[in-house]
Every structure is written in C-alpha cells, then in structure tokens.
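The values are calculated or read from the model by the stated rules, or taken from the named source; none is laboratory data. Remember, predicted model here, so these are calculated numbers, not experimental data. Every residue, glycine as well, gets a Cβ built from its backbone with ideal geometry; the counts of neighbours run over all protein chains shown. In case anyone asks, the SASA skips ligands and DNA or RNA and just uses the protein heavy atoms, side chains included. Shrake-Rupley method; radii C 1.70, N 1.55, O 1.52, S 1.80 Å.
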Amino acid sequence: MDFHFKEKSILPGFGLSLGVTVFSLSLIVLLPLSALLLRSSQAGVSGFIETLSQPRVLAAFKVTFSSALQAALINVVLGIVVAWFLVRGRFPLKRLVDALVDLPFAMPTAVSGIALTALFAPNAPLGGFLAQHGFPVAFTPRGITLAMIFVGLPFVIRNVQPALADLSRDLEEAANSLGATRFQTLTRVVLPLLLPSILSGFTLAFSRALGEYGSVVFIAGNLPFKTEIVSLLIITKLESFDVTGATVLAVSLLTLSFVSLFLINLLQARTAKYFGN
Amino acid sequence: MSITIQNVSKTFGTFKALQNINLKVASGSLTALLGPSGSGKTTLLRIVAGLESVDEESGGEIHFDGSAVTANPVNQRQVGFVFQHYALFRHMTVFENIAFGLKVKPRKERLSKEEIKDRVFELLKLIQLEQLADRFPSQLSGGQRQRVALARALAVQPKVLLLDEPFGALDAQVRTELRRWLRHLHDTIHVTSLFVTHDQEEALEVADSIVVMNKGEIEQVGAPNEVFQNPATEFVMKFLGDVNVFHGRIHDDRGVFTDEHKGGDENVRLLVRPHDLDIRLSPGEGVSLPAKVYRVLIIGPLVKVELLNSQNQLIQVQISHETYQMTPVKADQQVYLVPKSSRVYGDGAVDYAI
C-alpha cells in the first residue's frame, strides 16, 4: 500500500510522524485491544451467546446504555446553558467558576461516587427529602444517571464553550434585524451553528458514561437486574477468576460503544459539509 | 421613509461615543456617514437600527417618517442591516439566507412557500446571482457574499436600509465595482439608505448627501460637492482629501501667507489642496512661496510633486501630466508656489477664502 498525505504536503517528517502515530496507537490502543479479543475468543461463539443471553447480563447492558444516553442528553442541555453563561455572562469570580468546571476530570471517580452517595442516600438530608417526595436517587437507576452526568458534563461544556466564543455577535444581530425573535435566533441560527461541537461533546460524554465505573458503583447500590452496570459485572467476573467471561462482556460493550460512536460520527460528517468545505 | 435623529447621545462607560446628535435623512436618499474610526458613525447607525440603545437621560429619539421608533427593539423596527463582514448564516444556502427574514415572520403575515420562492428569485435576479441559489456562503467570493447579505436585508422590504462599512472587507477592484452597483441599485429601488464609511472617495462617489462626523459630533452635512468645495471646518477639509497647511495672518479681512514664523498676529492657518497650487520657475507678482523640489512621482495621468519649504515642511502639489511637460521640474530645483485658492481656519478666523 502507498501511504501519503491527501495532498502533497510541505509538512516535513512524514515518515517520522507516521512512525510515531502507528507506534503509539499500536502500543496504547491496538495491543491491549487485540489481547482482549484474543482472550475472549477462547469462549467461542457459543460462549458469547451463553454469556450474553443471561437475563442479568442483558439487564446490565440495558441499564448501562439507557442511563448513559439519558445522562449524555441531560449533559447536552446543561452543558450548553453553562457554556453560554461562562461565555456571555459577566459576573465576579468568573475565572474561578470556569476552573471549577474541570474539577470532575481531576477528581478520583471513587471520591465523586462517595460524595454523591453521601449527598443522595436516603439517610442524608437531601436524599431523604427527595425520597420522601417519591423521588429516591441513590440505589436507583437515577443515581447511576446522576453519577454519569457528573463525570460527563465537562466534556460538553469544554466543547461548546470555544465554539460559542467564536460565534460572531453579528449573526445574532443579523437574525434579529431580519425580524427573528430571540427564540427563533436561538433555534435557527445559534444552535445549528453549535451543532458540530454539541455532537462531539455528546459523543465524549456518552462514551465516558458507558465506561464509567468508580463513581457509579457507590451510588448505584448494584442490585442485580436493577442497578447493576456492565463494568461492575466485568469486575465481578474478574474477582471470581472468570477472565474469559469478563473479556466477553468487555468486547461486547466495546463493540456496542463503537457502533454508537460510529453512528454519531456519521451524523457529524453530515453536518460538517456546511462548515467551510 | 425619512429618518429623524433628535438629541441622541450615547456613552460607553466614560467614553462619549455620541454627543447630542441631530440629523434628518431625506426619504429615498442615499446618505453617507463619514468619519475616522472612533468618530461615532457606526454607533449612530446601530442606534438607528435599534442594535444599540440611546442614553436614557439624554431623552434622544429616533423617528421614521415622523413616528417614534426609539422604544422598538431591532426585530420590530423593519430595518435592513448589512454588516461589514457579511454575517451570512453559513449553515444555510444562499436561497435560505435570503428567505430567512420571510420565514421567521408570524404565521398570519408569512407568505406562502411559492411566494417566498418567487420573492427570493426576484432578489437573486436583482443581485445577479440566480445560478448560485444552492451554494453555501463559504463557496462564494467576498463581493458575492456582500450582495447576498444585501438581498437578505432587502427581502423583508425594510423601511430603511443601513449599511455598516459594506465594502470595508473587499479588495480595491471589487469595491469600486460594488460601489457603482450599489448606486445603481439604489436608483432602482429608492429605499432610504444610510451607510457608514471611513473612505472619503467612497462617500463622494456614491452618496447624495454626506454627514461628516468627528469625536461623536457632526461636523458638516451637505451634498458631496458642497462638502468638498466648502468644508465647514478644518477637520472636514483635512478629512476629505490631502491638504497643505501654511501659516498666515489676517490682513484687511483676508488671509495672508507668511512664509516664516514671525510671531505677532500670525494666528491663522491657510489650507490649500495639492491641486490648488501652481509651480512657477521664477517668483511672480502676488503670492509666491519659495520651495525646493524633493521628489517627483508620476502616477498615470497625474504628477505628484513633493517639495520642502524653508522650514523643511513637506508640501504636496498635484498637477496634470500636460502641465508637468510644459514646466518639468526635478529634485533639488528651486521653484515658487502660487496658490489658486485657499481656506483659512484658526483662532478668530471665521471663513475667509481667497
């Protein structure tokens, strides 16, 4: 095969950069993934079918994907609002609030999980109040979604924020001068223009939520069939020395994630045609 | 639709962008707001559009055809606004951009799909871009984008058309072409138009009427020729073209050139345009100012001669190629300058012309 850049490029060091790219991708991504595939193949097709048809496993997949999807969707809404506030708002300590956004990235996930549980457990003031009013959070799928929102929110904010900052005020003024209301300006001009960054924020938040373990396990309560997520099942299998079973689950989770991400990327490519190509 | 601006002031923090502006723009005219950057011309345009509010304590008002629109927000003012950097919606085609204003109207007032299509194609024809209806803005040249922006603004049949440095981002050739085209367009549709520019040539060439602004105030309002020939202030004269400044004094109610600083009542400045100076090889009768040729620039049909006077100040003279060939001069040659006309500004000088 003949490797070269799309067009003849004046970029120096093509060979070197290709080497570094292939080497690092192989070492960090491909090698562990192939090991995973290799190990899971020991189970054979029948092993896959057997593991994946267990009701407990199916329930875990359902809980994981539906919670991650919900969390990512809520994060999109919250993220846009927060990004808007950070870009357009003028308030004291703006830089401090801005720095606060990244905190979930830095926090050990177990710490966030314990903190959220402490806040929303039925015996805590806030969690107790919510539970009394028919809205229990900890140890229900809601708790899982909440933890996923917590870890995913910075992805949406950090993706939308620069796009919004780049959005020229002229565009909103133009829409306004043409008779559009604030709402029409938002839905027909601002949001469509932010769509690529919203989509990539959504993708990142969604994939992070799918693989999340540390912050979820504490608040989820891990009741089989109800609040058990796939990553927890994988750990459970590992702890009972069923490594092959664990890799079967891991490969299935990865495949499903990959398919969803691929679909989102297709969507993104469709929107990309408006942007300068 | 005439525009009346009454006692309008605008302050940004401590900066006075506009100070008590009063102006009437005649219905159907094409008026230029001309001034250097920071003169408040764009702020004034944005206030007329409703994109900026009037300082409340000033009690200023904007009227369209006699009825106050000061309290109307921009989306109810029915103005067409054209931005310097086009501000086209890049996720929409040319067609969708132009149709935008028609599609966001409340259902009762909205035209049917076919009517919108007809109207958009009518406008595309007007801007001569019918074949580009399905293109995205990123596929158009700067001049084409600005024409689309203009069509988009005209689609809603605005009461007034406001243009903020519409040709500022274009290169020289496209600019001249679009200027001519804008004038032609205005002669076809007669919508009252107000445009901002810092280019005096553009204002002189396109506008029916020029409003010269400086430091948040209006210096002069008038027809292009009048503003150019009879500048009301020294600022206007300097802004509308190159000028040479000479020292002078008032003698018998006339401005008199004094070649050197002599003190005393030498308190006025005489301003002479480069084309109002003749070059003579020997001193003649009347005023003739000695100067030495510094260099000669031949620019097509024009010849620009730069000279230095006894105080080493640069003087610019502009003559035709023909005149230059009759009396050719070269660097370091001693010559004499004869002003054909000058204007006097300065302490106590009202308006003396010789």
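A few comments on the model shown:
- Among the residues of segment B:100-129, those identified as under 21 Å from B:TRP181 (Cβ atoms), under 31 Å from the mean Cα position of the chain (by Cα) and in a helix (DSSP H, G or I) are B:VAL120, B:GLU122, B:LEU123, B:LEU124, B:LYS125, B:LEU126.
- Among the candidates B:GLN229, B:GLN146, B:GLN220, B:GLN173, the residue that is within 14 Å of another protein chain (Cβ to nearest Cβ) and either without any contact (Cβ under 8 Å) to a residue 40 or more places away in the chain or open to solvent by less than 50 Å² (accessible area, probe 1.4 Å) (or both) is uniquely B:GLN146.
- Restricting attention to segment B:66-81, the residues being at the interface with another protein chain (Cβ under 9 Å from one of its Cβ atoms) and either open to solvent by less than 30 Å² (accessible area, probe 1.4 Å) or aliphatic (A, V, I, L, M) (or both) number 5.
- Checked against (1) among the hydrophobic types (A, V, I, L, M, F, W, C); (2) within 14 Å of chain B (Cβ to nearest Cβ); (3) surrounded by fewer than 22 Cβ atoms within 10 Å (Cβ to Cβ), A:ILE235 passes all but a single condition, namely (2).
- Listing of helices (runs of 4 or more DSSP H) fully contained in segment A:87-169 that carry 2 or more residues being among the β-branched types (Val, Ile, Thr) and under 22 Å from A:PHE202 (Cα atoms): A:141-166
- For A:GLN70: the one exception among (1) surrounded by 14 or more Cβ atoms within 10 Å (Cβ to Cβ); (2) farther than 30 Å from A:GLU228 by Cβ; (3) in contact (Cβ under 8 Å) with a residue 60 or more places away in the chain: (2)
- If only residues of segment B:312-328 that are within 21 Å of B:VAL243 (Cα to Cα) and assigned to a loop (DSSP other than H, G, I, E, B) are counted, the one that is most open to solvent (accessible area, probe 1.4 Å) is B:ASN312.
- Candidates A:LEU37, A:LEU18, A:LEU100: the one that is free of Cβ contacts under 8 Å to residues at least 40 places away in the same chain, open to solvent by 90 Å² or more (accessible area, probe 1.4 Å) and over 18 Å from the mean Cα position of the chain (by Cα) is A:LEU100.
- Count - residues of segment B:210-224 that are over 13 Å from B:GLY40 (Cα atoms) and in contact with a Leu (Cβ under 8 Å, 6 or more places away or on another chain): 3
- Residue in segment B:173-180 that is in contact with a helix residue (DSSP H, G or I) (Cβ under 6 Å, 6 or more places away or on another chain) and farther than 23 Å from B:GLY35 by Cβ present: yes
- Looking only at segment A:210-258, residues that are assigned to a helix (DSSP H, G or I) and among the charged types (D, E, K, R) come to 2 in all.
Okay, residues lined up against (1) within 29 Å of A:ASN222 (Cα to Cα); (2) at pLDDT below 90:
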position	(1), (2)
A:LYS6	no, yes
A:SER9	no, yes
A:GLY13	no, yes
A:LEU16	no, yes
A:ILE28	no, no
A:ARG56	yes, no
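- Some residue of segment B:55-63 being open to solvent by 10 Å² or more (accessible area, probe 1.4 Å) and within 12 Å of chain A (Cβ to nearest Cβ): no
- Considered as a group, the residues in segment A:169-188 that are surrounded by fewer than 17 Cβ atoms within 10 Å (Cβ to Cβ) and β-branched (Val, Ile, Thr) include one that is nearest to the other protein chains (Cβ to nearest Cβ), and that residue is A:THR181.
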